[in-house]
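To start, the structure itself, in structure tokens.
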Amino acid sequence: MSESKIRSINCTSCGAPLKLHAGHKIKSLTCEYCGAVMNPQDEFSVLAKFSEQQPPSHSPLKTGDQGKLKGVPFTVVGMIEWYAEGDSWIDYQVFSPTHGYAWLVYETGHWVFLRRTRNLPNKSLWTLKRRAKVKMKQQTFLFYEKFNAKITYVAGELTWIARMGDTTSLAEAIDPPYLFSEERNKYETEYYFGEYIEATEIKQQFNISKHYPVAPIHRLQRYKSKFLQPLAKVAKPFAFVFFIISFAILIFMQGSSVMVKPVVMKNTGNGQVQSSYEFSISKPNHLILLTLNTHNANALLNARVKQRATGKTIINLGKNNAKTSEYRIDKRIRSVEASFEVPKAGIYTLSFSANTQLPVKKVKLVITENHVGSRYFFWLLLFSLAAILISSFSRRSFESQRWKLVED
Amino acid sequence: MYQNNINCPQCGSALALNFRHSKLRACEHCGSTIFLEDEAVKLIGKQSVLSEEASLVQLQQPFNYEKQSYLPVGHARYQYDNGFWDEWWVINNAGNGLWVTVDEGDFAFERQVATPENISFDHYQLGNETQGWLVTERGHAVCDGFEGELPELLYQGESFNYVHLSKPGAELFSLEFFEKKIKAFKGHWADPFEIQVEG
């Protein structure tokens, strides 16, 4: 691979020195000084002259600039400025001796690398409604828009004879970051395949140091979020794993029931009711889940588990020390739940009290041993799903903005 | 892949052959043109060296296209009105040869096919359509030279008229009208960005 060979001529109209960077397929050379359009295939005879044309004020590139596009060295050999429906953009004709001719399109600070394709769509773009599907080779595009564009400036070497004031009709379908477009003028219809290139890459490749304003969104831009996308990507496998673990725990690791019975409360006469139960644990050092189901969990005060043989307190549960134990009062499901371990197998005593100021009825005690808690996995699953949903919402919002560019 | 060697009858250099049915071999050492017929090799002239031009395809440098590997073993160049185009004789994995035509980034893969009967160059005018094929290019070309090994006899300076016909779906049909014969080729256009040179 090599760079294009440079030749020089003098404009046959004004005599200005012009450099030629492209090859033999060039059909027109427009002098940037006097606007003369010359025919390189006929000794640079002047085809037309447009001395009133003004170069675009916002062109980041000029003829002769060089840079790599998709890893291939290209030289800017010509340019056309277009105008349509209040917008203007620049098509730079680029040339590579090994890969031929292509276009680098600059619009609102964004860049699209466009190449002619001889593959035709499975249906005409001109008859399609917005977002209608169209196929080119194996790729599916969505119809985006059609419009007429007018040339407002031409310079350098081009593969067709472009003149100021010429018009072209364009129909575009997108599959971001790819574009499929059909261009019709009075001579021919051509198809183009385009690809969005990041502005930072073009700036780096073509050594563009000046800053140009960039529109917040381009129709071919891929949705990109520095935080949400990686988060969602990481969250997806984790959500799957957490779901499987939570499901497995819920189904297979709920342990064996030690006690399930309705609680009878005895009045102690000091404004409290209390109750006491003994239960047997056969697997020490495994998690025990203790649940008191009631319609008014707030009325329950303290609960205590003691080893019967030694009288040693294993765990103190209650409102007052809720923060220090695996203890929670869930008002919604109206239960008090605690998980703990005991050091030895044997008989244990659970005693608890409740406030008689608040009615406590229908208290049910459930004790399960060899229990595995799934709560944390469940929360992690929820967090992972939330990350996926937020990212999905953000992507939908971006897509909506992409289509709003033409739908408003 | 087929591999054989011959010795240049002019300078004695060993020359590799990569295609069983090669008819022509240019000696890269002395510029001789060697005609291969059965087991015999015959000196038929001298070659001028082709000027070096930038090209994605290079002799003996394999490339991949659509999951198939190709080895360019021969190269011919033709001058026409606007400039020149290159034709590369390439051998695929299966040992079959085909032509890759390259004209300033326009790539086409073609195979020789049976020539249609009762045709003439004048019949094909630009923009005309014949059986779904649109005449997209016609002109006159002259063989500028060749290198490597080729499946047919070419003569430097030999000229012919050509017609390119296109069909939707990147299909291509080419006709070459020589003084005493007509050659036909069928194939498709290719995107150079889909051609991956190995190494």
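The values are calculated or read from the model by the stated rules, or taken from the named source; none is laboratory data. Bear in mind that the values here come from a model prediction, so they are computed numbers and not experimental data. Here Cβ is always computed from backbone atoms with ideal geometry, including for glycine, and neighbour counts include all displayed protein chains. These accessible areas exclude ligands, DNA and RNA; they are computed on the full protein's heavy atoms, side chains included. Shrake-Rupley method; radii C 1.70, N 1.55, O 1.52, S 1.80 Å.
Among the protein heavy atoms of region A:1-111, carbon and sulfur supply 47% of the accessible surface, probe 1.4 Å, non-protein parts ignored. What residues of region A:9-38 lose no less than 20 Å² of accessible area with every protein chain in place versus their chain by itself (probe 1.4 Å, heavy atoms only)? Output list: A:His24, A:Lys25. For B:Lys46, the aspartates and glutamates whose Cα comes closer than 12 Å to its Cα, not counting residues fewer than 8 places off in the same chain, are B:Glu28, B:Glu147. Could you tell me the calculated FRET efficiency between B:Gln60 and A:Thr12, based on Cβ-Cβ distance and R0 = 51 angstrom, to the nearest 0.05? After rounding to 0.05, the efficiency reads 0.70.
Looking only at B:Asn161, B:Asn92, B:Asn118, which one moves most when chain B is put into a Gaussian network model with springs between Cα atoms under 10 Å? Checking each option, the largest mean-square fluctuation is seen for B:Asn118.
Length available on full extension from A:Ala248 to A:Asn302: 0.36 nm per residue minus the Cα-Cα distance, which gives 16.2 nm.
The modelled label-to-label distance for the pair A:Phe227/A:Ser256, using points 7 Å beyond Cα in the direction of Cβ, is 5.0 nm.
Comparing the full protein assembly with the isolated chain, the residues of region B:71-104 losing at least 50 square angstrom of accessible surface (1.4 Å probe) are B:Asn82, B:Glu104.
Exposed loop sites were defined as chymotrypsin sites (Phe, Trp or Tyr not before Pro) in DSSP loop states (anything but H, G, I, E or B) carrying at most 14 other C-beta atoms within 10 Å; in chain B the longest segment without such a site runs B:3-154.
Chains A and B together bury roughly 1800 Å² of accessible surface, counting both sides and using a 1.4 Å probe on protein heavy atoms. Between helix A:375-407 and chain A there is an angle of about 30 degrees, using the helix long axis and the longest principal axis of the Cα atoms.
Calculated mean residue ellipticity at 222 nm for chain A: -5500 deg cm²/dmol, from DSSP H runs with n ≥ 4 weighted as -39500 (n - 2.57), summed, divided by the residue count and rounded to 500.
Oblate is the label for region B:1-56, because the ratio a/c of its alpha-carbon gyration tensor axes (a ≥ b ≥ c) is 1.5 or higher and a/b is not greater than b/c. Can you bin region A:85-144 into rounded, prolate or oblate? Criterion: square roots of the alpha carbon gyration tensor eigenvalues sorted a ≥ b ≥ c, rounded for a/c under 1.5, prolate for a/b above b/c, oblate for the rest. Since a/c reaches 1.5 but b/c is at least a/b, the shape of region A:85-144 is classed as oblate. Note on A:96-106: average number of Cβ atoms from other chains within 10 Å of each residue's Cβ is 4. Mind telling me which of B:Gly145, B:Gly169, B:Gly187 comes out most flexible in a GNM of chain B, alpha-carbon contacts under 10 Å? Of the options given, B:Gly169 has the highest mean-square fluctuation.
Where the centroid of each part is defined by its Cα atoms, how far is region A:8-71 from region A:183-200 in Å? Here the two parts' Cα centres lie 20 Å apart. The alpha-carbon of A:Lys306 sits under 26 angstrom from the alpha-carbons of these lysines, leaving out residues fewer than 8 places away in its chain: A:Lys261, A:Lys266, A:Lys283, A:Lys319, A:Lys323, A:Lys344, A:Lys361, A:Lys362, A:Lys364. Between region B:33-84 and region A:373-408, what is the C-alpha centre distance in whole Å? Answer, in whole Å: 57.
Summary value for chain B: 21 percent relative contact order, contacts being C-alpha pairs under 8 angstrom separated by 6+ residues. Taking square-rooted eigenvalues a ≥ b ≥ c of the alpha carbon gyration tensor, is region A:51-184 rounded, prolate or oblate, where a/c under 1.5 means rounded and, failing that, a/b exceeding b/c means prolate? The shape class here is oblate. Mean per-residue shielding of peptide B:52-59 is 4, counting Cβ atoms of other chains within 10 Å of each Cβ.
Pick from A:Ser181, A:Ser57, A:Ser96: which residue has the top mean-square fluctuation in a GNM of chain A where Cα pairs under 10 Å get a spring? Checking each option, the largest mean-square fluctuation is seen for A:Ser57. A simple count of charges around A:Val134, restricted to other residues whose Cβ falls under 15 Å of its Cβ and scoring Lys, Arg +1 and Asp, Glu -1, yields +4. With 24 Å as the limit on Cα-Cα distance, the pairs of A:Lys137/A:Lys186; A:Lys123/B:Lys67; A:Lys5/A:Lys27; A:Lys5/B:Lys167; A:Lys137/B:Lys186 that go past it are A:Lys137/A:Lys186; A:Lys123/B:Lys67; A:Lys5/B:Lys167. To put it simply, the accessible area of region B:63-197 at a 1.4 Å probe is 45 percent carbon and sulfur. Entry comment: accessible area of chain A is 53 Å² per residue, from protein heavy atoms only and a probe of 1.4 Å.
The angle between the Cα long axis of helix A:228-252 and the longest principal axis of the Cα atoms of chain A comes to about 30 degrees, rounded to the nearest 10. Among the trypsin sites (Lys or Arg not before Pro) in region A:48-153, those placed in a DSSP loop whose Cβ has at most 16 other Cβ atoms within 10 Å are A:Lys62, A:Lys70, A:Lys123, A:Lys129, A:Arg130, A:Arg131, A:Lys137. Loop-located trypsin sites (Lys or Arg not before Pro) in region B:1-109 (DSSP state other than H, G, I, E, B) with a sparse environment of at most 16 neighbouring Cβ atoms within 10 Å: B:Arg20, B:Lys23, B:Lys67.
The mean number of partner chain beta-carbon atoms within 10 angstrom of a residue's beta-carbon across peptide B:164-174 is 2.
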